[in-house]
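> Following this message is one structure expressed as structure tokens.
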Amino acid sequence: MNEIDAKRLQARLKVAQDGAIGRATLAALFANAGAGSNADELALAANVHFRTYGILDTPLRLAHFIAQVAHESGGLRNAREIWGPTEAQLGYEGASRLGNDQRGDGLRYLGRGPGGLTGRANYRFYGQLLGIDFERRPELVEAWSIGLLAFCAYWDRYKLNTYADADNLLAVSNGINRGNPGSIAPPNGWADRQARFARAKAVIL
């Protein structure tokens, strides 16, 4: 199956079966993944950016993307990482791999958006790429529409469409969790990523 069967997807989501995947269908898909009241804002952005970044080109791309953002944001309900801080979160402070080179960067550049953008270096890179000053105003990534755009750019940078087309959940997950699709170690939250992907796949494919 190389193309998304729009009418079948719409039937499963119980929306109008017009055969065109637009905002209403995407909102229902995000809601199915747990987004609740955030679904409409996510759909507004996805209706543009999913086309730009080729995520609607194949059903596997869409299923993998939805599963990953659902995992990273607690079912598309948390636009900001819940801060303990945990032991892992304490490790953000001074982490060179994240570009956190100033005091307080660990908390300032915690995970935000549906994809959990983390670290000063990533805020700087994607801000410069998209023309939005995320480094100076990291809280902007908490807006669901902006955060989705940032994650689409991240997805594209790591060529995750290619791994999604190969239905390689481990590579997609490690591309997000480790920034290394080639890693063979299970990523953080592996069981949840598998479960969310199975749910997305059952609806989309």
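Let's see how each residue does on (1) charged (D, E, K, R); (2) over 23 Å from ASN38 (Cβ atoms):
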residue: GLU135; (1), (2): yes, yes
residue: GLU142; (1), (2): yes, no
residue: ALA153; (1), (2): no, no
residue: ASP167; (1), (2): yes, yes
residue: ASN174; (1), (2): no, yes
residue: ASN177; (1), (2): no, no
residue: PRO181; (1), (2): no, yes
residue: ASN188; (1), (2): no, no
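> Considering every residue within segment 47-54, establish whether at least one is free of Cβ contacts under 8 Å to residues at least 60 places away in the same chain and either touching a Pro at 6+ places or on another chain (Cβ under 8 Å) or within 16 Å of GLY147 (Cβ to Cβ) (or both).
Yes, the conditions are met somewhere in segment 47-54.
> Here's a follow-up. Among the helices (runs of 4 or more DSSP H) contained in segment 19-134, which hold 3 or more residues that are within 26 Å of ARG196 (Cα to Cα)?
The helices (runs of 4 or more DSSP H) meeting that bar are 23-32, 39-52, 59-72, 87-90.
> List the number of the failed condition for ARG97; all other conditions in (1) within 20 Å of the chain's Cα centre (by Cα); (2) closer than 21 Å to ALA153 by Cα; (3) open to solvent by 10 Å² or more (accessible area, probe 1.4 Å); (4) not acidic (Asp, Glu) hold.
(1)
> Additional query: Check ASN122 against each of (1) polar (S, T, N, Q); (2) under 17 Å from PHE50 (Cβ atoms); (3) free of Cβ contacts under 8 Å to residues at least 40 places away in the same chain and name the one condition it does not meet.
(2)
> Then there is this: What number of residues within segment 42-69 satisfy the criterion of being within 19 Å of ALA143 (Cα to Cα) and surrounded by fewer than 19 Cβ atoms within 10 Å (Cβ to Cβ)?
Count: 3.
The values are calculated or read from the model by the stated rules, or taken from the named source; none is laboratory data. If you're wondering where the values come from, they're calculated on a predicted model, not measured in any experiment. Note that we place each Cβ from the backbone using ideal geometry, even for glycine, and neighbour counts take in every protein chain shown. Side chains are part of the model used for accessible areas, which takes the heavy atoms of the whole protein and leaves out ligands, DNA and RNA. Shrake-Rupley method; radii C 1.70, N 1.55, O 1.52, S 1.80 Å.
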